[in-house]
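Notes follow the structure.
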There are 2 protein chains.
Amino acid sequence: MKGIEERFARRVLGMKGSEIRRLFKMSMKPGVISFAGGLPDPQSFPSEEAAEVLHSLLRQDGKTLLQYGSARGDTRLIQIIQKRMHQRGIETEPEEILITAGAQQAMDLCARVLVDPGDTVLVESPSFIGALGAFRNYQARLAGLPMEQSGVRLESLIKVLKNLQAEAASPKYLYTIPNFHNPTGAIMSQEKRRKLLKIADEFDFLILEDDAYGDLWFELGQQEILPIKSLDKQQRVIYAGSFSKIISPGIRLGWAAGPKELIEKFEIARQVVDVCPNPLIQALVVRLAEDGYLNQHIGELRETYRLRRDAMLAALETYMPEGVCWTAPKGGFYIWVTLPEKLDASELFPKAVEKNVAYVIGQPFYPDESIKNTLRLSFSHEPEDMIEEGIRRLGEAVKEALTED
Amino acid sequence: MKGIEERFARRVLGMKGSEIRRLFKMSMKPGVISFAGGLPDPQSFPSEEAAEVLHSLLRQDGKTLLQYGSARGDTRLIQIIQKRMHQRGIETEPEEILITAGAQQAMDLCARVLVDPGDTVLVESPSFIGALGAFRNYQARLAGLPMEQSGVRLESLIKVLKNLQAEAASPKYLYTIPNFHNPTGAIMSQEKRRKLLKIADEFDFLILEDDAYGDLWFELGQQEILPIKSLDKQQRVIYAGSFSKIISPGIRLGWAAGPKELIEKFEIARQVVDVCPNPLIQALVVRLAEDGYLNQHIGELRETYRLRRDAMLAALETYMPEGVCWTAPKGGFYIWVTLPEKLDASELFPKAVEKNVAYVIGQPFYPDESIKNTLRLSFSHEPEDMIEEGIRRLGEAVKEALTED
């Protein structure tokens, strides 16, 4: 009998069991302060509200809410999303929106409908590992574009585009996280967003805009984080949103918004992927949005996460030795740390865990995995005192590694 | 600017917007008795129980249950599934089980991990449209095997296998629904199950066994519907189960069980598809199973659906004209009707809807869509009096179509 591995499809080569998970398991011991996962503050979850709302929904309408639902998603939820996007400058029709299992499913569907094996997808470098993995699953060729403080470096983009043009190739889309970028925390300047759209027009590619963190700004004006899609006159942008960071990730709800013809294909594809999103959980989100809870809650989250970011920045300032740099995000969940070049974040990892602190190594966020001295810290999950203590421990680990060397 | 359709991946050619959906929309008018969708009886949904259980779970453990969960699924739910499969003769380890978004996701993951474009997948003809669609999405070449009362016709299977052998090709897997087959209601004989496994050994292919209806037997002994996987000594069978038909389809929970190495790949793939199943909903199922509700509920469902099947068989006997044949399933949801050859089920459809009754046309269940005079009736959704009235209306429509002709 042939071994099971011999039967795998070629795309399985792109399915990496990850170094991160191995490290993650290593850090699962009591007493570890973890800045690793992109986990929202569990204290913020609407447990009480969800308990009451689900109870009342099931008693009123269980027969409908436990049945199969529409593959497109709950019409009322689509309208709520349409309205919320409108408030951020995006005009859409309901036919242009599909409810997904978190923003992650938007990544999967986008690659499924657009990417043939070998097609080029442009990605920021570093970028969100879950998206890179989704595109790799469809055998995309990932072209990494370096990040700078104001977002993706456009000079590099143009160079890559010209190289592709020379090969008579063109990218299927560019994937970007313009607001509170994962993992760097960067925000793409409005000027750069306009320029990016212009370049996309010139070279005729689509943009997949992941805005999972867009509601979590700390001190900016709304104007500064208007989505790229709000500037899009040509239906060139596919927008992905999520309720994971503003309600709960366990509920697995997000959305994709884009050209009607594309969203129709997403819908047809999703019917054979997971049939439909959970109608009961969609009704819960509708209720939380309609009764005003959601907006108030987002206001509270901004305050919570702002204080945590401040605590982490202050602690980094206090405890990190010379030669360590980090970003100062204006929202979202993440701070990106660059160690002195001679340090390797994966070699540092077990030493950090020994001191009971964990992070995510930076290497897998780069599509070519070329850079070893970066790491990502999430300030979202731990309260301020734990953040200070965790960064103190991490600072010690870094100092010791520097001395050893 | 290039049109969006010009940007689609080649696999989109396999994503059919379906005739069925068009017809389904046609039948969405008040007063229509629908035997179309594979919808469980909504009266049976555990609305009250779910309301109480979710309320208590959220108040006790909302911080965990609303957070990201494991991609593999809740360990307790996996143990419950392991035990339930054991009771049906299947021995597995927890490492061999993954929680999915309904059995549909098992179909998707299986094709994702095993099928390269052009690979052959053997399917029953007719077969479940959702599975055919999932395999087509990965550009599988579907080879249809005719069904007979005792399940798939093995002579045809051997012929197809020999033809493939002559091309030096071999199928990736055979997809089968041995218990209360969708759409025919057929049950594969135990003898045939053993023979099928032997043929799979000889020609060395895997079997994907979809057992979504296996708990819903009406008068058989458990022995008669032992899954193929219970006979599998070589880890040749990938088993897909579902809570859709025994609890609720809206909760989107099912599972895949198979060789550890394969399930590991399923897990890695699912991380970039939808990250994880909903932890809260998994905890709900754990509670319903642990407190004995689930088994009692399944007993009640068997009784409900048995009465509905009886009502539909009796009504067919009473109202159908000469020349119409149908199957007499021993469980599940479906009766398969063969009209006189000169009738086309899709031409009959608008006439049936005019008389306020709906069904699903048979054609798309055949991988080659070659047969036009069949249709599927679900007896699961409507109560007995509606079933009788609906079949009466359908009988009239058939009689009129026969006269017109």
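The values are calculated or read from the model by the stated rules, or taken from the named source; none is laboratory data. Source: prediction; values computed, not measured. Note that each Cβ is placed from the backbone with ideal geometry, even for glycine, and that neighbours are counted across all protein chains shown.
Brief remarks on what is shown
- Qualifying residue in the stretch A:373-391 (condition: in contact with a strand residue (DSSP E or B) (Cβ under 6 Å, 6 or more places away or on another chain) and not assigned by TED's automatic domain parsing to the domain that holds A:Met15): no
- Scope the stretch A:1-23; condition surrounded by 14 or more Cβ atoms within 10 Å (Cβ to Cβ) and in contact (Cβ under 8 Å) with a residue 60 or more places away in the chain; matching residues: A:Arg11, A:Gly14, A:Met15, A:Lys16, A:Ser18, A:Glu19, A:Ile20, A:Leu23
- Residue match in the stretch A:328-338 (condition: part of a helix (DSSP H, G or I), out of contact with any helix residue (DSSP H, G or I) (no Cβ under 7 Å at 6 or more places or on another chain), closer than 22 Å to A:Cys110 by Cβ and not polar (S, T, N, Q)): no
Matching residues to (1) outside the structural domain of A:Val53 (by TED's automatic domain parsing); (2) more than 22 Å from A:Ser150 (Cα to Cα):
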site: A:Arg287; (1), (2): no, yes
site: A:Arg302; (1), (2): yes, no
site: A:Arg308; (1), (2): yes, yes
site: A:Ala311; (1), (2): yes, yes
site: A:Thr318; (1), (2): yes, yes
site: A:Trp326; (1), (2): yes, no
site: A:Pro329; (1), (2): yes, no
site: A:Tyr334; (1), (2): yes, no
site: A:Val337; (1), (2): yes, no
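- All positions within the stretch B:263-296 that are within 9 Å of another protein chain (Cβ to nearest Cβ), of a type in the set (A, V, I, L, M, F, W, C) and closer than 19 Å to A:Met107 by Cβ: B:Ile268, B:Ala269, B:Val272, B:Val273, B:Val275, B:Cys276
- A:Ala240 falls short on exactly one of the conditions (1) in a helix (DSSP H, G or I); (2) touching a strand residue (DSSP E or B) at 6+ places or on another chain (Cβ under 6 Å); (3) closer than 30 Å to B:Phe135 by Cβ; (4) among the aliphatic types (A, V, I, L, M), and that condition is (1).
- Residue within the stretch B:217-225 that is within 16 Å of the chain's Cα centre (by Cα), on the phi < 0 side of the Ramachandran plot, in contact (Cβ under 8 Å) with a residue 24 or more places away in the chain and in the same structural domain as B:Pro94 (by TED's automatic domain parsing) present: yes
- Candidates in the stretch B:45-81 are the residues that are crowded, with 20+ Cβ neighbours inside 10 Å and polar (S, T, N, Q); of these, the one that is nearest to the other protein chains (Cβ to nearest Cβ) is B:Ser47.
- Of everything in the stretch A:339-382 that is of a type in the set (Ser, Thr, Tyr) and outside any loop (DSSP other than H, G, I, E, B), the residue that is farthest from the chain's Cα centre (by Cα) is A:Ser346.
- Restricting attention to the stretch B:37-88, the residues that are in a helix (DSSP H, G or I) and closer than 17 Å to B:Asp215 by Cα total 9.
- Within the stretch B:89-104, the only residue that satisfies the criterion of being assigned to a helix (DSSP H, G or I), within 25 Å of B:Leu145 (Cβ to Cβ) and touching a Leu at 6+ places or on another chain (Cβ under 9 Å) is B:Gly102.
- When A:Glu96, A:Glu124 are checked against the criterion of being in contact with a strand residue (DSSP E or B) (Cβ under 6 Å, 6 or more places away or on another chain), within 14 Å of chain B (Cβ to nearest Cβ) and of a type outside the set (A, V, I, L, M, F, W, C), a single residue qualifies: A:Glu96.
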